[in-house]
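The values are calculated or read from the model by the stated rules, or taken from the named source; none is laboratory data. These numbers were taken from a predicted model, which means no experiment stands behind them. Note that we place each Cβ from the backbone using ideal geometry, even for glycine, and neighbour counts take in every protein chain shown. Quick note on the areas: whole protein, heavy atoms, side chains included, nothing else; ligands and nucleic acids left out. Shrake-Rupley method; radii C 1.70, N 1.55, O 1.52, S 1.80 Å.
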Amino acid sequence: MLMIKKKTTKNNYKMSMSLKEIWKYHKEKYLLILPFSIIFIVFTVIPVITSIVISFTSFNMLEAPVFVGLSNYINLLINDDVFLIAVKNTILFALITGPISYLMCFVFSWLINELPPKVRAIMTLVFYAPSISGNAYLIWKLIFSSDMYGYANSWLLKLGIVNEPILFFNKKEYVLPILIIVQLWLSLGVSFLSFIAGLQNVDKTQYEAGEIDGIKNRWQELWYITLPNMKPQLLFGAVMQITSSLSVSQISIELAGYPSVEYSGQTILTHLYDYGTIRYEMGYASAIATILFFIMIFTNIIVQKALRRVGA
Amino acid sequence: MVNILSKIKKSYASRKFSRRNRSLAVDILLTIFLGIFGLFSVWPLIFAISNAFKPLNEIFLFPPRLFVQKPTLSNFADLSIIVGNSWIPISRYIFNTILITVLGTIGTVIISSMAAFPLAKYKFPGSKFMSNLIVYSLMFNGTVTALPNYIIMSRLGMVDTYLSVILPAIGSTLGLFLMKNFMVQVPDSLLEAAKIDGASEFTIFWKIMMPLSKSAWITLVILSFQTLWGTTGGSFLYTEKLKPVSYALSQIVNSGIARIGVASAVTLIMLIVPVVVFVIFQSNVIQTMATSGIKE
């Protein structure tokens, strides 16, 4: 029934309407969107387009931008060794933290949803705690600090696992793993909350109906009822995880230092900060942002395609 | 002990209809799993809270202890002395934060829900384009747009006003995207029924869509509140009198007047309000939606 209706409305558009008719039919919808659109265009769309345009220029924020064509991009991809390290780190980082944190968000919200209401509220807070607490991740700096007073070192020494303190942030092989742990700890954020709320929205009678139809255990229930009902939230969560796992920067700067040892904690975004906020080469910084933008869009398209198969 | 176990087993045997697909063994396993990860998640925070009450000698104790032994309020007393010495009263900063947070949150929820409703439920010329634009804009990094943003704001004469912080927050794409994905779930038949009864789109939005997507906008309230509460006013607020409390407190911590104990006290104070707001609203999500799922 729904399918047929959607098709006919689609056909209506093909018989192209005049602007006046479009306005007449959809006036209220446009009016509802209007306030958001104005703010969105002024504070998001125009700045983004401006930034993409700036990426084709050399711009030091003092003199007027000079058009340089693709040279920022060519420099980035061919001459900038550090950028290539940053890309490698970022992709490695995202490949590990992205899927794991997405799964964590779902699994934990699903398990929490099974608990009785009061316990559920407490557990939600427990798991959301790292995200709500602003810069509480700085505590990891204390934990992994290099002298024997660092918590990790003091415990390792006490347990006799090591003889002298490990210089966690001065050895390049430790930096990325630590950043990954901290990012995973931080990862139950926006998507987690939206999953929690989404699970509340699933119609409870569907589970009873499913039981009559022969669903035997919680895993089948998950695949045939919960997941299909959660599709809008799963899509939302995917976009959030992609953006957050590909744009790691703050924890790297705060924990591993800036620049980090042998650029071991360098990500695309820390590279962007370098050129945007320290060297004031806005053209170059904009080119970095644009490349990251397209990496994210590309990832998003692939992930959205994969998600369409869920529960099918 | 055996008594309790047999009791639990009995309650599993006589459980309600919707809980029949559960087994005790897996439940126990999953609870242990949740507990371990819950501890991992929450312990640095417990540590931070406990630190705020530690006297100086305990903060530098080796090996460090998780819980405070002799709790003291001296960190908070020190903080209040430092705050009292600043030339703008702290109440002014607090007022600024509350103004920005409350107006920003209300605006975000209303404006993004209004826009999300037609984009989620109808197809009309430009709707698909708009939806894509919003998703993609979420992926563009804000560092390089800060400069164009600043130019636009100064042209509009908004630099150094509350609006420069509130307005961009209200146009939050994240909020719209969240609301849109929830509103898609609301059955079309409900909207059609209202339409047949002669309701305008605005009425449908306010009387049907908003109550049904309560869990979504409460989530948005939490997120928006949390972000705005932590805002430092960025590079748009110059006048000291307009700055929010998190800026003032971060100045105290960064300027080195404060010891590590005061820094922990600051962390705790900044943390408490979002946590309280979170608890109040989040339990609201859970209570209201537990009884009323969306039905066709």
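Observations, loosely collected:
- Every pair of residues 6+ apart whose Cβ atoms lie under 6 Å, when the first sits in region B:212-227 and is over 23 Å from B:L191 (Cα atoms) and more than 7 Å from every other protein chain (Cβ to nearest Cβ) while the second is at pLDDT below 90 and assigned to a helix (DSSP H, G or I): B:V221/B:F281
- Flag if B:I151 is of a type in the set (A, V, I, L, M), closer than 21 Å to A:S286 by Cβ and surrounded by fewer than 18 Cβ atoms within 10 Å (Cβ to Cβ): yes
- Odd one out for A:K216 among (1) in a helix (DSSP H, G or I); (2) facing chain B (nearest Cβ under 10 Å); (3) of a type outside the set (D, E): (1)
- A:N300 meets the conditions (1) open to solvent by less than 50 Å² (accessible area, probe 1.4 Å); (2) assigned to a helix (DSSP H, G or I); (3) in contact (Cβ under 8 Å) with a residue 40 or more places away in the chain; (4) over 25 Å from A:G237 (Cβ atoms) in every case but one. The failed one is (4).
- Selection from region B:74-86 of residues that are open to solvent by 50 Å² or more (accessible area, probe 1.4 Å) and in contact with a Ser or Thr (Cβ under 8 Å, 6 or more places away or on another chain): none
- Per the listing B:P125, B:P118, B:P89, B:P71, the residue uniquely at pLDDT below 90, in contact with a helix residue (DSSP H, G or I) (Cβ under 7 Å, 6 or more places away or on another chain) and either open to solvent by 20 Å² or more (accessible area, probe 1.4 Å) or within 30 Å of B:A216 (Cα to Cα) (or both) is B:P125.
- With respect to (1) open to solvent by less than 60 Å² (accessible area, probe 1.4 Å); (2) modelled with pLDDT of 80 or more; (3) farther than 23 Å from B:V221 by Cα, the lone exception for A:S145 is condition (2).
- Restricting region A:256-276 to residues that are surrounded by fewer than 23 Cβ atoms within 10 Å (Cβ to Cβ) and assigned to a helix (DSSP H, G or I), the residue that is nearest to the other protein chains (Cβ to nearest Cβ): A:Y273
- Residue that is most open to solvent (accessible area, probe 1.4 Å) [pool: residues in region B:165-193 that are more than 30 Å from B:L237 (Cα to Cα) and facing chain A (nearest Cβ under 7 Å)]: B:V184
- Region A:108-188 holds helices (runs of 4 or more DSSP H) entirely within its bounds, and those carrying 1 or more residues that are closer than 16 Å to B:G38 by Cα and in contact (Cβ under 8 Å) with a residue 60 or more places away in the chain map to A:117-132, A:172-186.
- Sole residue being within 14 Å of chain A (Cβ to nearest Cβ) and assigned to a loop (DSSP other than H, G, I, E, B), chosen from B:K54, B:K70: B:K54
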